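Working notes, beginning with the structure itself.
Nothing in this text is a laboratory measurement; each read-out follows from the coordinates by a stated rule. No experiment lies behind these values; they were computed from the predicted model shown. Positions of Cβ are backbone-derived with ideal geometry, glycine not excepted, and every protein chain shown enters the neighbour counts.
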Amino acid sequence: MGIYKDVMGTLVRVLAADNIDNSTKQSWQKLIDADRRQGGTGSTISVRDKFDYDCCLHALLHSHLAPAQWDVLVAKYSTHKANKVDSIGRLISRIQSPAPQLFIYKAVTAWAIPKLKGVQVAPRGGHEVVCRSLRDDLEHAAVGKMIASGWKTEVKVERGQYVKRSTDMIVLPAEFYDMNTWDLEGKPESTRRRWKTGIARCLERLEEQAVVHATEIFDREEIFIDAA
């Protein structure tokens, strides 16, 4: 049954299916809601049924992907904090690099949890991440909609659309991404950059293999709309 649109969007939603135990609205729910608003195939089945499909695919990927492939996808795309951290830890042990262990640990973690493009502020009760690039995109889209309507319709951009609570994601401190803290031996900048590039390429190759394998699984199950 074809109910999904594309590989990466499906991967993100399926990997979010293991994160249903917090009190905030889940990532899969947001993606389903967006699909329903856009009139996608998800609008013809219930949210519960769509989530059940997500869970089935989650189990299918976990059982058919190689452990390293599963770990790289969970590390990169999962919204489940504990699973993400566990997968990052296992990836670190798989990396072959001349870099010291601390450097490998930080390089892999920074790859899996890239620095957010935005400004982090600390209101009472926790952190929020304000994504400026997303805010700009939303504002441009809003202006486009108002122009298309002949300025008859006002389109507002709500703060909640571009602000994320830190309880919904892992937010690393800015200094974590400072490569000067990754190497305690004072190696030259060129050496550290070579190490970082080598580790990133290793992870990217593994991710590419995982996505290719996941795509083969998805195609075999005929889950995409065009395959219906």
In nm, to one decimal, how far is the modelled label at F176 from the one at V85, with both set 7 Å along Cα→Cβ? 1.0
The pairs in K76/K115; K5/K106; K84/K196; K106/K187 lying past 23 Å Cα-Cα in this model are K5/K106
Just order 172-183, 60-71 by mean Cβ neighbour count inside 10 Å, highest at the front, would you? 60-71, 172-183
Positive-end residue of H213, G186, P173, charge dipole of the range 173-228 with Cβ unit charges: G186
